[in-house]
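The values are calculated or read from the model by the stated rules, or taken from the named source; none is laboratory data. Here the structure is a predicted model, which is why all the values come from computation and not from measurement. The protein model used for the area step is the full one, side chains on, heavy atoms only, and it has no ligands, DNA or RNA in it. Shrake-Rupley method; radii C 1.70, N 1.55, O 1.52, S 1.80 Å.
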Amino acid sequence: MKVTAVTHHPLSRGGPRCSLTQVDVVPTDTVRKVKEAVSIATGVDIALLTFCSKGVVREDDQPLTDSDEFEKHPKSGEVFLHLREEDPDVNAKVEELLASQSFIIPLDQVKVKQAA
């Protein structure tokens, strides 16, 4: 099944914020298969790619999903797999800030959802 892998790139990389790659996979394929296809198509080191499903990071040897079918986008009906390109320098700085507990999150950057 052809699905679209959306790779979100860090701002520090410059250039486009995301790239789209068509991959031929089934739900039982491993995360590594998608990472390899995306790495070849985008030139991103496979070690810097992280795959999340429903907010949970899935390891390379895990299947793409625990169900027999991919979850489809509610409006388009297409399947999108989301990967994130990590920036080790930015991640190290974030960890340093978290450890020191000396950081400020501007209130205008905080999004609050109201209960329905």
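Counting only DSSP beta bridges whose two residues both lie in the chain, roughly 75 percent are antiparallel.
For segment 31-111, the solvent-accessible area works out to 73 Å² per residue, with a probe of 1.4 Å and every protein chain left in place. The share of accessible area on the chain that comes from carbon and sulfur is 55 percent, using a 1.4 angstrom probe. Relative to the longest principal axis of the Cα atoms of the chain, the long axis of helix 88-100 makes an angle of roughly 40 degrees. How far is helix 31-42 tilted off the main Cα axis of the chain, in degrees rounded to 10, range 0 to 90? Compared with the principal axis, the helix lies near 80 degrees.
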